[in-house]
Structure formats: structure tokens, C-alpha cells
Amino acid sequence: MTRPATGGVHRATVSIGTNPTFGDSPQVHVEVHCHDTSDDLYGERVELWFVARLRDTEKFATVGELLAAAHEDVRRSDALLAGAARPAAPTA
């Protein structure tokens, strides 16, 4: 993930889907978990670079199961990104 406003390049895990655990809405959501910064990114424009697909969207029986799967996704993503080339920071 790159942050054009700051020039930062960060590792992230991205979820794109309809959030079926919380209802049957057809609305697609994009959620980004940034691994290496705790900055507040709400409202900031970011650019995403996709390296690998981890799994399909699925409906979990409980929020606890969803959270466990999300933690595993982040762990797997972190391992994949550790060996991936980082994109160059954007230039103005």
C-alpha cells in the first residue's frame, strides 16, 4: 500500500467483499489492515498493490470465528509480503 500524501509504503492485508457474517447486503466493502503503522488513515487516499489472494469471502457462524480467520489472514499476508518486492514510493 502506498500513501501518496506522505510517500509512505506499507504492508497491508485487504478484504474486499459483502461482509456476509453481518447480514445479506449486496454492498461491497473494502477494508485495509496496515501491518506497520498505527496512523489514522481514515479519509486518506491510498494505492493498493495486490500480491496474492488468500481466500474467498465467507460467512462465519460467530464474530469470534471471523476474528480468528482475520488474524490468520494477517499472519499469512505478513509472511507473503516478507518475501515480496516493495513498490517504489510515489514521486510527486
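The values are calculated or read from the model by the stated rules, or taken from the named source; none is laboratory data. These numbers come from a predicted model, not from an experiment. Virtual Cβ from ideal backbone geometry, glycine too; neighbours counted across all protein chains shown. In case anyone asks, the SASA skips ligands and DNA or RNA and just uses the protein heavy atoms, side chains included. Shrake-Rupley method; radii C 1.70, N 1.55, O 1.52, S 1.80 Å.
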When you have a sec, figure out the Kirkwood radius of the chain from all distinct Cα pair distances and drop it here in Å to one decimal? 14.5
How far is helix 63-82 tilted, in degrees, relative to the longest principal axis of the Cα atoms in the chain, given as a value from 0 to 90 rounded to the nearest 10? 30
Over segment 28-92, with every protein chain in place, what whole percent of the accessible area is carbon and sulfur at 1.4 Å, could you tell me? 54
Counting only C-alpha contacts under 8 Å and six or more residues apart, can you give the relative contact order of the chain as a whole percent? 38
Can you find, among Gly23, His10, Leu66, the residue farthest towards the positive end of the dipole of the chain? Put +1 on the C-beta of Lys and Arg, -1 on that of Asp and Glu. His10
In nanometres, what is the gap between the two model label sites at Ser25 and Glu47, each 7 Å from Cα along Cα-to-Cβ? 3.0
Highest first, please rank the peptides 2-14, 71-83 by the mean number of other Cβ atoms sitting within 10 Å of their residues. 2-14, 71-83
Suppose every K and R has +1 on its Cβ and every D and E has -1 on its Cβ; what is the size of the dipole of the chain about the Cα centre, in Debye to the nearest 20? 300
